[in-house]
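Bear in mind that the values in this text are calculations on the coordinates, not laboratory data. Owing to the predicted nature of the structure, the values given are computational and were not obtained by experimental measurement. A quick note on method: Cβ atoms are made from the backbone with ideal geometry, for glycine too, and the neighbour counts reach across all protein chains shown.
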C-alpha cells in the first residue's frame, strides 16, 4: 500500500486550511462575543482558540516526527518510537491544562468559555472536510 507524494501535498494543504480556519472561526467568534455580549467570555473564546491552534500545531509536528522516525526504520522488525515524542504528547496536554488553570484563577475568565474556544479546532476540521467534499483534490 504505497502513498504518493500527491497524497502528502493534499494532506499538507488540508492541515494548513484547518490551521488558519481554527484561528479565523475562533477569533471571529471571540471578537463578536466580546463586542456584543461579555468581554470576559470573548477573551475566553479567544484564549481557548489559541490553545486549540497550538495543540493542533504541536500534534502535527509530533506526528510528522513519528512518521519520519518510522520510515527511517522501515527495514527493522519493530520501529522504535523516540521517548521525546511521548514526552511531547504529555507536555502538550499538561501545558494546556496549566494555562487554562492559571487564566481561570488569575484573570477570572470563565472556564466554559475557554472550553468552548477549544472547540474551534473541531469547527475548523468540519469546515475543511466539507470543503474537501465539495472540491475534491482529484
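Go through 48-54, 119-125 and give me the packing order, highest mean Cβ count within 10 Å leading.
48-54, 119-125
Go ahead and collect, in residue order, the members of the stretch 109-138 whose backbone nitrogen is under 19 Å from a label point 7 Å along the Cα-Cβ direction of residue 9.
The answer is 132, 135-138, whose backbone nitrogens lie closer than 19 Å to the label point.
Please order 77, 132 by the number of other Cβ within 10 Å, starting at the fewest.
Details: 77 5, 132 14.
The order, fewest Cβ neighbours first, is 77, 132.
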